[in-house]
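Have a look at the structure below before the remarks.
The values are calculated or read from the model by the stated rules, or taken from the named source; none is laboratory data. Quick caveat: nothing in here was measured; it's all calculated off a predicted structure. Note: ideal-geometry Cβ built from the backbone for every residue, glycine included; neighbour counts use all protein chains shown. Calculation scope for accessible area: heavy atoms of the full protein, side chains included, ligands and nucleic acids excluded. Shrake-Rupley method; radii C 1.70, N 1.55, O 1.52, S 1.80 Å.
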Amino acid sequence: MKKILIATAVAAAFGMANAAEQADIVVIGAGGAGMAAAVQAHDNGVKKVVIIEKMPMVGGNTIRATGGINAAETPQQAKLGIKDSIEQMYKDTMKGGHNKGNPELVKYLTQNSMKSVEWLESMGVKFKDEIGTATGALWQRSHYPATPSGNTYIRSFEQVIKDTNGAIQVLTDTAATDLLQDKGRIT
């Protein structure tokens, strides 16, 4: 019986390694950012995406978060009569970070914040009709899922990944320990 279990474990390990070897893109980590990256890569036309996750389940720290996303100039804010602007969100974000943030990246974040909410909605995430003010925030721009939890995002990503019929594969209990390179290219 022990030999069968060991053989099964070895076969499974080689199967996982083979899946990663055959991928067009390998994403390390199945938290919110990793799953979002994999879904977006697939949406951009990548044929085979593999996510490797060291834990036995997906979710990372996102599964523990309350799920609030700051965004400016959203339909949700307009519906509630909340006046906000991308420019004000940029200023508030820079100030909140003691002006240490990379201005180009903060500008990109703020200019695309509404698109992030829309993208999540396109994957089935439902947001509350109210807009909150996150701890330390200066303005009402925190959008929370109807079920306030980062778990909402993870479950939506899982469904989208399932709907790709294997184009995105998630390998749990698979830790990345090293990146192999060939002439500066990750192989």
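By the compact-protein rule of thumb, 2.2 N^0.38 Å, the alpha-carbon radius of gyration of the chain corresponds to a ratio of 1.23.
Expressed in Å, the radius of gyration and Dmax of the Cα atoms of segment 33-122 are 15.9, 44.
Between the C-alpha center of segment 117-187 and that of segment 63-104 there is a gap of 18 Å.
What does the net charge come to around ASN99 if you take all other residues with beta carbon closer than 12 Å to its beta carbon, with K and R at +1 and D and E at -1?
On the way: positive: LYS91, LYS95, LYS100; negative: ASP92.
With Lys, Arg at +1 and Asp, Glu at -1, the neighbours total +2.
Rounded to the nearest whole Å², what accessible area per residue is found for segment 29-187 with the 1.4 Å probe? Walk me through the numbers before you get to the answer.
On the way: 9680 Å² over 159 residues.
Using a 1.4 Å probe on heavy atoms only, each residue of segment 29-187 averages 61 Å².
Helix hunt in the chain: which complete DSSP H runs extend at least 18 Å axially by C-alpha with mean Kyte-Doolittle at least -1.0? Span-like helices, by this rule, are 2-21.
Could you order peptides 79-89, 95-105, 176-186, 55-65 by the average number of other Cβ atoms within 10 Å of their residues, highest first?
Working: 79-89: 14.0, 95-105: 10.2, 176-186: 7.3, 55-65: 16.1.
Going by the mean number of other Cβ atoms within 10 Å, highest first, we get 55-65, 79-89, 95-105, 176-186.
With the full set of protein chains in place, find how many percent of the accessible area of the chain is carbon and sulfur; take the probe as 1.4 Å.
56
The Cβ shell under 14 Å around GLY60 holds other residues with a net charge of +1, Lys and Arg each +1, Asp and Glu each -1.
Calculated FRET efficiency, GLN40 to LYS83, Cβ-Cβ distance, R0 = 25 Å: about 0.20 to the nearest 0.05.
Note on segment 104-150: along the principal axes its Cα atoms extend 32, 25, 17 Å, ordered by decreasing extent. Lysine pair count for segment 91-144 with Cα-Cα distance under 15 Å and sequence separation of 8 or more or different chains is 5.
Summarising the amide proton neighbourhood of ALA30: residues at separation of 5 or more, or on other chains, whose placed amide H is nearer than 5 Å comprise LYS54, GLY59. Extending 7 Å from the Cα toward the beta-carbon at both ASP178 and ASN112 defines two label points whose distance is 3.3 nm. In a fully extended conformation the segment linking ILE25 and GLU130 would gain 34.0 nm over its present Cα-Cα distance, using 0.36 nm per residue.
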